Each structure stands twice: as structure tokens, then as C-alpha cells.
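Single-structure report; data block below.
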Amino acid sequence: MNSAQLAAQWEDQVIATRRYLHQHPELSGHEVNTAAYIVEQLSKYPNLELSRPCPTGVVAVLHGAKPGRTVAARCDIDALPVQEVDDSPYKSVTPGVMHACGHDNHIAMLLTAAKILAANRHELRGTVKVLFQPSEEVGIGALDMIEDGALEGVDAAFGMHVWPELASGRVSLEPGPRMASTDRFRIDIQGKGGHAAAPHLCVDATPAAAFLAVNLQTLVSRSISPASSAVLTIGSLHSGSRWNVTSGSAYLEGTVRCFDEETRKTIREGMKRMADRVAAAHGCTAETTYTWLSDAVINDPAITAVAAGAAAEVLGPDGLASVPPTLVGEDFAVIMHRVPSAFGFFGIRNEAVKAAFPLHTDRCTSDESGLIGGALIFVKTAYNFL
Ligand code: NI
């Protein structure tokens, strides 16, 4: 298959698909019309076997003309509760909901790739499983798909996320740690409330919470190797209810991100120890709830090399870019921990078309002219792996 010919043949379709999806975003777990649209599009190709896990996911299986291994290509399909401010003709028609994480691009690229693969089945060896995964933004979709059998028989998996910091026409496919594990915590501090003028008759929860907020940062600076990366962010801190009442309770909530399990364990254990003892130092008690959400995205070197080779074929050797690892999370990690996988950052930045705003913002958009390249990277990665 010739990349230039395929690009000319399919470019309009990938852009039209992206625009339709951008106009019709749906929140995590509610991707009913999105899934129906994907099924409707893929139903035109009788050699694709379609199934509906989750229930808002879609899996398309394509058996090649010759036997071989099985590769999975995955994208996520959900949108975010963000009000779009752009005035483009394909602005979201659903108030307060927007494809602000660019998953509309992911669907458009993978849907087009599935069609290209189906239309050229005679050239394919082995099996491609195309996974359209719901509920990525809430971190549960990948596991739901796996529990419904989406990875059965799969030898390797591949996915990409659009990346507004990277120029359109370039992609990062690099081995090793790429995205961080993502955990959530809440620490409840219990003291004893009372009159603001009588602190000696109370156990004030506010100083305990304040000291703890400061001390927790030393878990990162003093407990883990300086060669490792980690972030501990307290996103909210609440104490008390009124200016003239001593606070009887407080809580802190936040997230921990890192790349290796040892660091993750050290921070989790240190957090509980510190919460208990800092609270006790102020006469309070603490209860720590630590939730493991998603693991780190660590690219398998062999699969990443296959995907990078495919990307170089499609985009040319200058298409391969280096992007530093990010402490943003991604539930593709759940797939990666079961089969060797690669995950890429796909450039969509082009200031000339206002595609320069970060993910999860109300102006986030992409340089659509590059999307056909992403579709072809999915296609070539499947071919080259199989
Ligand atoms: Ni995303």
C-alpha cells in the first residue's frame, strides 16, 4: 500500500469524521451515539466482525487473508464537561460538553484506519482488533473492555494521544516511561470544635491540616531517589465552617503521579505515616484513603520500534520527535500491563489554524490536515507488526 495514494484517497473522510464527532461529544459512560456512529460507519465493511462490550465500547475484528499474530489498535471515545468557546462551524452542539481532550481525533484516525485495513484485507496477514474504548477520562474504560474480552488472543497493542505541544506532522514513539501512574488520596483530620475564643477547650484541626500540607511535600523531596520523578499535589484543603468557630475537622485531597512502583509504594506508605503522626502532634487523628487509579505508561521497546518504523514510513524520518515523559495519566496503561504495547504522542499543533491550546481547555483543537498521517500510522503499525 502506498502512503501517498492512501492519504489522497482518505484524507477528506478522516476530517469529515473528526468534525462530526467534534460536534457531537458525549461524556464518559454515555457514549451511546458515538458508539452507534462507529458501528454504522464500520458496518459498510462486511469483513469486519463487530461487537459491543461495556456497553458503549466497540470492537472490530479483521482477519487477514493469511494467518498470523494478532495486534490491537486502541483509541478512547469520551469527551469532557467543558463549554467550548470556539466559533467554528463544527463547534460542539451539546452545551457544556466538548471533545477537549481530542478524542474526536483519535476516533477519526482509528475509524479511518479500520476502513483502510478492511478495504485492503487481501494484503493483510494475521488479525487486527480495533478497540474503541469508552470512559478513559474516568479511568475505568480500559479495564471494562478487558473484562469483556477485548484483549483475548492479542499479542501486542498500540495507541496514540494527540499532543498540542508537538507540531502537526510529527509523532513521539519512544521506549520506556512515557506517562505517570495516577493515584488519588484523601486525608480526613479529626479534632474537636468549639468557640474561636477558647482554643484551650478545643482541638483545632486547621494547624494539623496546614502542617500536613507542607510536610507532605517532603515525601517527594526527601523520600524518593533524586533520579526518579514524582509529583504530589494537594488539589483541595478544607477546614472548619465559620470565622469565629474553631475547626473540629479538616480534609485534604490530591493526587500522586510517578513512573515506578517503588516510588509509588514509598509515597503511599509515607503519606499514611506522616498523616497519622502530624495529626497526633496536634492532638488530632487522621484517616488516609489512598486509591490506585491507573499505572504508568511504559513503552515496550520492540513494539515501539515497530510503530516508530511505521511512523517514519508515513511521515518521513523527520516525523519522529522526542517528547519528554509527562506526569499526566492515561488508562491505556491497563492494557500495557497485560500485553506488550506502545503509546505515541501525535502532534496536532499549528498556530496558523489556532491549534495551540492545551488539552482539557475550552479552545483545544487540532490541525486536521495531519490526521490522515495518524490513520496511516495505525495501518502501517498493524501491517509491520503482523
Ligand atoms: Ni485524553
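The values are calculated or read from the model by the stated rules, or taken from the named source; none is laboratory data. Remember, predicted model here, so these are calculated numbers, not experimental data. Note: ideal-geometry Cβ built from the backbone for every residue, glycine included; neighbour counts use all protein chains shown. The protein model used for the area step is the full one, side chains on, heavy atoms only, and it has no ligands, DNA or RNA in it. Shrake-Rupley method; radii C 1.70, N 1.55, O 1.52, S 1.80 Å.
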_With the crude spin-label approximation of a point 7 Å out along Cα→Cβ, what separation in nm comes out for E269 versus D148?_
3.9
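Arrange the peptides 336-348, 105-117 so that the one whose residues have, on average, the most other Cβ atoms within 10 Å appears first.
105-117, 336-348
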*Measure off 7 Å from each Cα along the Cα-to-Cβ vector at Q190 and S369, then give the distance between these two points in nanometres to one decimal.*
6.3
*Please work out the Cα center distance from segment 233-254 to segment 295-336, rounded to the nearest Å.*
41
_Nothing charged except the Cβ atoms of Lys and Arg (+1) and of Asp and Glu (-1): what's the magnitude of the dipole of the chain about its Cα centre? Round to the nearest 20 debye._
480
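Over all directions, average the projected area of the Cα convex hull of segment 141-290 and note it in nm².
In nm², the orientation-averaged hull projection of segment 141-290 is 13.1.
Using the heavy atoms of the protein chains alone and a 1.4 angstrom probe, what is the accessible area of segment 26-89 per residue in square angstrom?
Values: 2900 Å² over 64 residues.
Here the per-residue accessible area is 45 Å².
Grab the other residues whose beta carbon is less than 11 angstrom from that of I372, score K and R as +1, D and E as -1, and report the net. Walk me through the intermediate numbers first.
Values: positive: R18; negative: E11, D12, E368.
Surrounding charge for I372 is -2.
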_For segment 35-69 and segment 124-159, what is the centre-to-centre distance using only Cα atoms, to the nearest Å?_
12
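Please compute the Kirkwood hydrodynamic radius of the chain from all pairs of different C-alpha atoms, in Å with one decimal.
On the way: mean 1/r = 0.0447 Å⁻¹.
Averaging 1/r across every pair of different Cα atoms and inverting gives 22.4 Å.
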*Could you sort 367-374, 61-68 so that the peptide with the highest average Cβ count within 10 Å comes first and the rest follow in order?*
367-374, 61-68
*Cα centroid distance between segment 339-382 and segment 213-231, in Å?*
33
*Could you give the dipole magnitude of segment 192-316 about its Cα centre, charging the beta-carbon of Lys and Arg +1 and that of Asp and Glu -1, in debye to the nearest 20?*
580
*asked:* I'd like to know which of G270, L6, V85 lies farthest towards the positive end of the charge dipole of the chain, counting +1 on Cβ of Lys and Arg and -1 on Cβ of Asp and Glu.
replied: G270
_What does the net charge come to around G283 if you take all other residues with beta carbon closer than 14 Å to its beta carbon, with K and R at +1 and D and E at -1?_
0
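Would you mind calculating the gained length between V214 and Q9 on full extension (0.36 nm times residue separation, minus the Cα-Cα distance), in nm to one decimal?
Working: separation 205, 0.36 × 205 = 73.80 nm, distance 5.76 nm.
Difference between extended and current length: 68.0 nm.
Mind checking the per residue accessible area of segment 120-239 for me, 1.4 Å probe, whole number of Å²? Each step should come with its number before you reach the end.
On the way: 5230 Å² over 120 residues.
Heavy-atom SASA per residue in segment 120-239 reads 44 Å².
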*asked:* For segment 43-180, take every pair of Cα atoms, bin their distances at 5 Å starting from 0, and report each bin as a whole percent.
replied: 2, 9, 16, 20, 20, 15, 11, 5, 2, 0
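Accessible area per residue of segment 302-386 at 1.4 Å probe, in Å²?
Spelled out: the 1.4 Å probe surface of segment 302-386, per residue, equals 36 Å².
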*When the distances between all Cα atoms of segment 81-142 are binned every 10 Å from zero, what whole-number percent does each bin get?*
17, 37, 27, 15, 3
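Provide the percentage of antiparallel DSSP beta bridges, counting only those with both residues in the chain; round to the nearest 5.
Working: 48 of 71 bridges.
For the chain, the DSSP antiparallel bridge percentage is about 70.
Give me the dipole magnitude in Debye, nearest 20, for segment 1-125 about the Cα centre, with unit charges on the beta carbon: positive for Lys and Arg, negative for Asp and Glu. Spell out each step's value before the answer.
Details: 11 positive and 13 negative charges, 140 e Å.
Using Cβ point charges on Lys, Arg, Asp and Glu, segment 1-125 gives about 680 debye.
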*In segment 95-166, what percent of the accessible surface is made up of carbon and sulfur (1.4 Å probe, ligands and nucleic acids excluded)?*
47
*Computed FRET value (nearest 0.05) for A352 with N384, which takes r as the C-beta separation and R₀ as 35 Å*: 0.60
*asked:* Just want the answer: with Cβ charges of +1 for Lys and Arg and -1 for Asp and Glu, which residue in L143, V128, A65 is farthest toward the dipole's positive end in segment 31-164?
replied: A65
